[in-house]
Amino acid sequence: RGEITTHFLENFMKTKVQKQKFNDHFELDEEPSKDDCYYDALELSGGGKKEIKEALRLLNIAREMDKDYVQTYIGFICVYSAIGDKKKIDDAIKIAYEKTVKKFPKWPKQMEWGWLENRAYMRAIQYMGDLYWDNGEIERAIELFRLLLKLNPGDNQGVRYEIAALYAGLSGKDVNRMTDEGNEKQDWSEQDNLVYKQNKKHKFWQEPSY
């Protein structure tokens with residue numbers, strides 16, 4: 001696919017509370033934290049060249065604070081995606097995934113989306129799966145998508161739609177098209193049917209019962 005699309009990028013805009021917290025740092029002449037830099041960079045990523053430059057400056061500050069902090073590299077992925085720099089997107093994805101593997105030399109039994117600290121790691125795994133898919137490394141992509149569905153059966157990321165499309169011989173663009181049409185019509189039956197059909201064959205997901 002060559003880029004991270006809007007369907008798989010969560011709305012990273014800061015809440016009023018987060019923004020006020022960020023502003024308070026400057027009002028008190030305090031240095032912003034790496035999280036402050038991350039959230040502000042994501043807000044700026046929707047702007048023009050000046051805003052993108054500032055977003056990258058903030059992410060570089062965050063990286064200097066902690067070179068192993070995966071969330072910062074997720075920020076780079078988002079900002080580079082906004083300007084369509086595929087090489088830098090791919091480089092940031094690889095680093096984010098490497099840092100995630102470093103954090104988890106052995107995968108845990110669960111990695112719930114509800115815990116905010118897990119989300120950067122889960123995104124890094126998904127983006128690496130997407131990159132494998134883009135590069136035609138299908139088995140590696142399947143391995144990571146299955147891993148995410150095992151770690152988090154609730155699948156807040158929509159991984160089941162990706163792996164179903166992959167098994168059906170479709171592309172990421174097909175997934176995005178189905179999602180956009182589903183959002184427009186408020187009818188996601190095409191994706192749900194695709195998951196049902198492919199899951200019946202390949203058994204990649206067990207929907208949790210609540």
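The values are calculated or read from the model by the stated rules, or taken from the named source; none is laboratory data. The model shown is predicted, which means the values in this text are computed figures rather than measured ones. Note that we place each Cβ from the backbone using ideal geometry, even for glycine, and neighbour counts take in every protein chain shown. Ligands, DNA and RNA are stripped out before the accessible areas are found, and what is left, the full protein with its side chains, is counted by its heavy atoms. Shrake-Rupley method; radii C 1.70, N 1.55, O 1.52, S 1.80 Å.
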Return one whole number: the accessible area per residue of the chain in Å², for a 1.4 Å probe. 58
In terms of the alpha carbon gyration tensor, root eigenvalues a ≥ b ≥ c, rounded if a/c is under 1.5 and otherwise prolate when a/b exceeds b/c or oblate, the chain is prolate
With the cut-off at 1.5 for a/c, could you classify region 131-210 from its C-alpha gyration tensor as rounded, prolate or oblate? oblate
Over region 160-203, what lengths in whole Å, largest first, do the semi-axes of the equivalent ellipsoid take, defined as the square roots of 5 times the eigenvalues of the alpha-carbon gyration tensor? 18, 12, 6
Set the bar at 27 Å for Cα to Cα. Now go through Lys86/Lys203; Lys87/Lys109; Lys86/Lys200; Lys109/Lys203; Lys109/Lys185; Lys86/Lys173 and name every pair that lies beyond it. Lys86/Lys203; Lys87/Lys109; Lys86/Lys200; Lys109/Lys185
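Between Glu31 and Glu137, what length comes free when the chain is fully extended (0.36 nm per residue of separation minus the Cα-Cα distance, one decimal in nm)? All intermediate terms of the calculation are to be shown ahead of the outcome.
Details: separation 106, 0.36 × 106 = 38.16 nm, distance 4.26 nm.
33.9 nm is the gain from fully extending Glu31 to Glu137.
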Tell me the label-point distance for the pair Lys94, Glu184, using the 7 Å Cα-to-Cβ offset, in nm and rounded to one decimal. 3.7
Of Trp115, Trp107, Trp133, which is the most mobile in a GNM of the chain whose springs link Cα atoms less than 10 angstrom apart? Trp115
Choose one answer from Glu54, Glu112, Glu30: the residue with the largest mean-square fluctuation in a GNM of the chain with alpha-carbon springs under 10 Å. Glu30
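Leaving out ligands, DNA and RNA, and with a 1.4 Å probe, what % of the accessible surface on the chain is carbon or sulfur? Present the calculation step by step, with values, prior to reporting the outcome.
On the way: 6020 of 12100 Å².
Ligands and nucleic acids excluded, carbon and sulfur give 50 percent.
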Could you give the distance between the Cα centres of region 135-180 and region 49-63, to the whole Å? 31
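Using only helices, what value at 222 nm comes out for the chain when you add -39,500 (n - 2.57) per DSSP H run of length 4 or more and divide by the total residues, to the nearest 500 deg cm²/dmol?
Working: 10 runs with 142 residues, N = 210.
The per-residue figure over the chain is -22000 deg cm²/dmol.
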Applying the gyration tensor rule to the Cα atoms of region 83-176 (axes a ≥ b ≥ c; rounded if a/c under 1.5, else prolate if a/b exceeds b/c, else oblate), the class is oblate
